[in-house]
Amino acid sequence: MLQILIDADACPVKEETYRVATRYKVPVVVVSNSPIRTPRDPLISRKVVSDAFDAADDWIVEQAGPGTIVITADILLADRCLKLGADVVAPNGKPFTTSSIGGAIAVRAIMADLRAGGDVVGGPPPFSASDRSRFLSTLDLVVGKRKREAGS
């Protein structure tokens, strides 16, 4: 069954995800460490996990597989979900793929090493309107493709 899982604690595109999910009638699970307000819609549910390290990630991975679309900026979570056959889209609209995830993990490791060594490195650029637009477009494409493949 097609479903969308949102790594929700710091996700800036929850509302956009709800819109796409409603259009395609796809269930959404909002996963977080603390309660997050969600619309009153039978397609949208919440899963509040413990505040243990990676509890939300671990729960998402337990649910992920073919037919699952995961929304996350977490590169290591994206890697775990891709290995299970899920589609993964970052909030900036860039899809994580099996061919791109290795490079993303390498860059993440390099940046962590630079920070650990005391180097001042910038973070990602601020979230923008074009990121939001790209996300909507990418999510619409991914959900539409999965719905066609499922024949529903």
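Rounded to the nearest 500, the 222 nm mean residue ellipticity of the chain from helices alone is -14000 deg cm²/dmol, with -39,500 (n - 2.57) taken per DSSP H run of at least 4 residues. Among 42-54, 26-38, the peptide with the highest mean count of other Cβ atoms within 10 Å heads the list, and the full ranking is 26-38, 42-54.
Residues whose amide H falls under 5 Å from that of Lys47, counting only those 5 or more places apart or on a different chain, are Val30, Val31, Ser32, with hydrogens built in the peptide plane. Relative contact order for the stretch 1-44 using alpha-carbon pairs under 8 Å, separation at least 6, rounded to a whole percent? Contact order relative to length: 44 percent. Relative to the 2.2 N^0.38 Å rule of thumb, the chain has a C-alpha radius of gyration ratio of 1.05. Shown here is the pair-distance distribution of the stretch 77-119: with all Cα-Cα distances grouped in 10 Å bins from zero up to the longest one, the shares run 27, 44, 23, 5 percent. Under a model in which nothing but the beta-carbon of Lys, Arg (+1) and Asp, Glu (-1) is charged, the chain shows a dipole of about 720 debye around its Cα centre. Once both labels are modelled 7 Å past Cα along the beta-carbon direction, what's the Ile110-Arg23 spacing in nm? Distance between label points: 3.6 nm. Its Cα centre serving as origin, the stretch 28-94 has a Cβ charge dipole (Lys and Arg +1, Asp and Glu -1) of approximately 280 debye. Across the chain, the mean sequence separation of Cα contacts (distance under 8 Å, 6 or more residues apart), normalised by length, yields a relative contact order of 22 percent. Taking the average, over residues, of other Cβ atoms within 10 Å as the packing measure, peptides 133-142, 82-91 rank 82-91, 133-142 from highest down.
Here, each number is a calculation from the coordinates, and none is a lab measurement. Because the structure is predicted, anything quoted here is derived from the model rather than measured. Here Cβ is always computed from backbone atoms with ideal geometry, including for glycine, and neighbour counts include all displayed protein chains.
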